[in-house]
């Protein structure tokens, strides 16, 4: 039983991680209707930016997080301005934007390897990791940090989207950007803001995961962006809260399944969950009752 | 702007799509406080004229003046902020936002839209929210859909959605309202309600530029009528003056009543 409880704790940590990544990914999707795969590249690059501040320059943990957040926000903004906005203006289909985004993911991944090398590096604030015991369950300070960040950010974003002018404006724009402009919303600026905030979130996630795992490598964004995509689709497209919920469910199932299924099947299991959800609930577990066609 | 002065002026406006001349050398004025109607058969260029006015399309030639200042070349959101509010022929709402959020999204000049102010706004932002909510409540009440304020727009009935899209226009506080067939698909009772609302709006100082296929409504409601054909203006005048031509227009333009 205690083994299952430990897996459940691991599931909460992994679920929180996926929820955090999916939050930013879905925020950007809501505002711009782009499947922003390059988000995975932003994730990787910002983890290494944090590593440079924290480990190489020894500026401390806060500076590490700030470096990751700022670098992520900047790259996200630049990708939107240089890639997606011109495509949108030129009437390019979302599918082409998605493929281009995949290209940017690969470019950023390789640029990361060129700058920091292709070997994994250790991301640690130095000193000892504190391990907490709750009965027979173990957890670390990095894991508690992840759960805390995920909970706080999920609540903050929920308030932002439901009750704040800027959040409602971003939802309105995701719903119908032409109409948003006609009623006087600066659509372009709102999309830029979404990229800044969504990318900043992935900077936080990158540091949290890096600190939890202890090592980072140039390829780390590939798997995570696949998981974020799966999370967003099983949660429900175009709804940020649903994406976070999807991420949480995915992390829980993956980790509890380890109890009975070997961990090498985790990726296959994730896609099996995706297929089952799409077959029986095409709008996603927490999405509105309509098919997921809102591209 | 005083009633009777030209609020909007189009000067020799032209727009073509490939080989199709959608609007050619179109000039007219919309005087403040009036209901001015654009009529003409399908493909006469009425909706293209709307798209040019709102900045959704850029004219190939000609200029557009609003309150005496040029607005052609401005992006749509700046035209909207300048005071031109536009309704669409097909029902267009933020379907996945509540009725209230649809209205509030259109209320201009909110500091909460600025990311820095949104984060550190504090008390001023709370006050702004109260003002915005009071305004949206008043609009929803006037439109008789207050009971559905928190429902998603897509859950409302067709008539309620029409009312909500009018409410969204009014929320922009635009001085000039561009209405594209606002009564299409409505029951006779609701058509009457809409006509009365439009008249009340101009009485309250707004100006309406209307596209409408229903000739009876156009004749009854308009202060001024502009007849378009193949992208250009072929006649304009008061309803009585245009009515003199109406039989000809029936055969010539194929306007159905």
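Structure data summary
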{"quantity": "Gaussian network model of chain A, Cα within-10 Å springs - most flexible of A:160, A:29, A:48", "calculated": "A:160"}
{"quantity": "For B:131, B:218, order by how many other beta-carbon atoms lie within 10 Å, fewest first", "calculated": "B:131, B:218"}
{"quantity": "Between helix B:188-203 and chain B: long-axis angle, C-alpha atoms, 0 to 90°, nearest 10", "calculated": "80"}
{"quantity": "Chain A: angle of helix A:220-235 to the longest principal axis, Cα-based, in degrees nearest 10", "calculated": "60"}
{"quantity": "Footprinting exposure proxy for A:114, A:207 (fewest neighbouring C-beta atoms within 10 Å first)", "calculated": "A:114, A:207"}
{"quantity": "A:35, A:271, A:149 arranged by Cβ crowding within 10 Å, fewest neighbours leading", "calculated": "A:271, A:149, A:35"}
{"quantity": "Theoretical gain in end-to-end length, residue B:69 to residue B:147 [0.36 nm per residue, Cα-Cα removed]", "calculated": "24.0 nm"}
{"quantity": "Folded to 0 to 90 degrees: helix A:165-175 orientation relative to chain A principal axis, Cα", "calculated": "70"}
{"quantity": "Shielding by partners - mean other protein chain Cβ count within 10 Å, residues of A:168-180", "calculated": "6"}
{"quantity": "Antiparallel bridge percentage (DSSP; both residues within chain B; nearest 5)", "calculated": "55"}
{"quantity": "Among A:18, A:43, A:132, residue whose mean-square fluctuation peaks in a GNM of chain A (springs only between Cα atoms under 10 Å)", "calculated": "A:132"}
{"quantity": "Helix-derived mean residue ellipticity, 222 nm - over chain B, DSSP H n ≥ 4, -39500 (n - 2.57), to 500", "calculated": "-11500 deg cm²/dmol"}
{"quantity": "Modelled FRET efficiency - R0 45 Å, residue A:92 with residue B:216, Cβ distances, 0.05 increments", "calculated": "0.50"}
{"quantity": "Where a label projected 7 Å from the Cα of residue B:133 along Cα→Cβ would reach, residues of segment B:160-204 with amide N under 13 Å", "calculated": "none"}
{"quantity": "Ordering of B:146-156, A:167-177, A:84-94 by packing [mean C-beta count within 10 Å, highest first]", "calculated": "A:167-177, B:146-156, A:84-94"}
{"quantity": "Gaussian network model of chain A, Cα within-10 Å springs - most flexible of A:32, A:194, A:263", "calculated": "A:263"}
{"quantity": "Test item: A:154-165 mean partner chain Cβ contacts at 10 Å", "calculated": "2"}
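Here, each number is a calculation from the coordinates, and none is a lab measurement. Because the structure is a prediction, the values reported are computed rather than measured. Virtual Cβ from ideal backbone geometry, glycine too; neighbours counted across all protein chains shown.
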